[in-house]
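Heads up, the thing below is written out as structure tokens.
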Amino acid sequence: MSFPLPGEPVRGSKTGKPIMALFDLLGRTWALGIIWNLQKSSCTFRELQQRCENISPTLLNKRISELKETSIVEKSLHGYCLTHLGNELFNLIEPLGSWSVNWNHSLKEGMDE
């Protein structure tokens with residue numbers, strides 16, 4: 001398989017600890033962006049491509065395939081959407097958005113001193 005799975009060697013873990021497999025998957029180009037954009041609503045391939053700053057179709061297709069294989073994304077009648085697990089994951093990731101804004105402000109304040 002070409003995507004990280006728990007129990008298989010992944011970046012940062014020879015034994016494939018589940019958290020390391022998840023971090024490896026989420027660390028792939030546009031994986032988090034796809035999850036973030038699908039949380040808003042389901043959408044077609046082209047809509048998702050536009051939401052993801054016109055990501056190349058090849059890369060988008062690859063990431064969608066990986067996220068489908070790992071039960072985070074699924075295809076519905078209305079296009080691609082997050083699965084129940086995908087929504088749970090987003091709810092864990094979403095607070096990092098607020099944290100990152102505070103972090104950004106702290107960094108800028110530190111540079112102004």
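The values are calculated or read from the model by the stated rules, or taken from the named source; none is laboratory data. Predicted model only: the values in this text are computed from it and were never measured. We place every Cβ from the backbone using ideal geometry, glycine too, and count neighbours over all the protein chains shown.
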Among S71, S56, S76, S65, which is the only one that is more than 24 Å from D24 (Cβ to Cβ) and not basic (K, R)?
S76
When you scan the chain for helices (runs of 4 or more DSSP H) that lie fully inside it, which ones turn up with 3 or more residues that are touching a Pro at 6+ places or on another chain (Cβ under 7 Å) and surrounded by 14 or more Cβ atoms within 10 Å (Cβ to Cβ)?
18-26
Go through (1) at pLDDT 95 or above; (2) out of contact with any helix residue (DSSP H, G or I) (no Cβ under 9 Å at 6 or more places or on another chain) for P18 and report which single condition fails.
(1)
In the stretch 76-90, the residues that are at pLDDT 95 or above and of a type outside the set (A, V, I, L, M)
G79, Y80, C81, T83, H84, G86, N87, E88, F90
